[in-house]
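Here, each number is a calculation from the coordinates, and none is a lab measurement. Quick caveat: nothing in here was measured; it's all calculated off a predicted structure. Cβ atoms come from the backbone with ideal geometry, glycine included; neighbour counts cover every protein chain shown.
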Amino acid sequence: MKKIIVILAKSSKYGNYCVAGIELATNKWIRPISHDEKIEDAVTAAELTYADNTEAQILDVVEIDFEDTPAQNKIQPENFYFKNSTWKKFGSWNLSDIENFCGFDKTDFIFYDNSRRLELSTITEKNKSLLILPIENISVSTEIRNDELKFYANFSYGGIIYKNFSIGDISIRKKFSDKPCGNFFVAKKAVATFSLTNPYKDNRCYKMFANLFLSD
């Protein structure tokens, strides 16, 4: 089953990628996942590579061959397993194209409340695990934890403050990886995609700051 999506999230996941986008035919979110449980169903760079040896990027419009039914994941109902065939690029959009095509998601909170993580009991069968939203007052903070550099996003949405969302955006991580740890202002206004993770070892689902889009 082939679907054409515009990629709105391509974030870091254990050395591979978490990818998601909007399907053009249905205007619904879809998250392509692999069958490789060793990398928690992430997408590898090889799987993201087109026939011309370039790698799929944010805002690319691509055709992907999926299995016929969703992956049956309660936390992430948008998940579909993709088949082992080359993704095909049809072009690229910009942020204005996204806003004109599908607009932004409408929600009072980013996944239920303004916390950075959720208990499993909070999540319902009708949940969404992907969002694209306009946000304000964005900053990035970094710190060393367990000998590893961590990246966190702080921002506001709908007048509500959100703090310490883990950042998956590869460009942000690269930009601040060589700076001394601290807090850095990024933008007054922007658009971002968010993803809700599967449960971690603490049996909680975390809200990921997947990708940031600055104005065209």
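Taking every C-alpha pair closer than 8 Å and separated by at least 6 residues, the mean separation divided by the residue count of the chain gives a relative contact order of 19 percent. Residues D169, D108 in ascending order of nearby Cβ atoms (within 10 Å, fewest first): D108, D169. Bin by bin, in steps of 10 Å, what percent of the Cα pairs in the range 2-99 do you find, going until the bin that has the longest distance? The distribution over the range 2-99 is 16, 54, 28, 2, given as percents. Averaged over residues, the count of other Cβ atoms within 10 Å places the peptides 49-58, 129-138 in the sequence 129-138, 49-58, highest first.
Considering only F151, C102, P134, the residue lying farthest towards the positive end of the dipole of the range 65-216 is F151, judged by Cα position with unit charges set on Cβ. Take the convex hull of the alpha carbons in the range 117-176; its mean projected area over all directions comes to 5.6 nm². Based on Cα atoms of the chain, Rg over Rh with Rh as the Kirkwood radius reads 0.94. Can you give the relative contact order of the range 2-99 as a percent, counting alpha carbon pairs under 8 Å and 6+ residues apart? Once divided by the residue count of the range 2-99, the mean separation gives 29 percent. Here the chain is scanned for trypsin sites (Lys or Arg not before Pro) in DSSP loops (not H, G, I, E, B) that have at most 16 other Cβ atoms within 10 Å, and the longest stretch holding none of them is 1-73.
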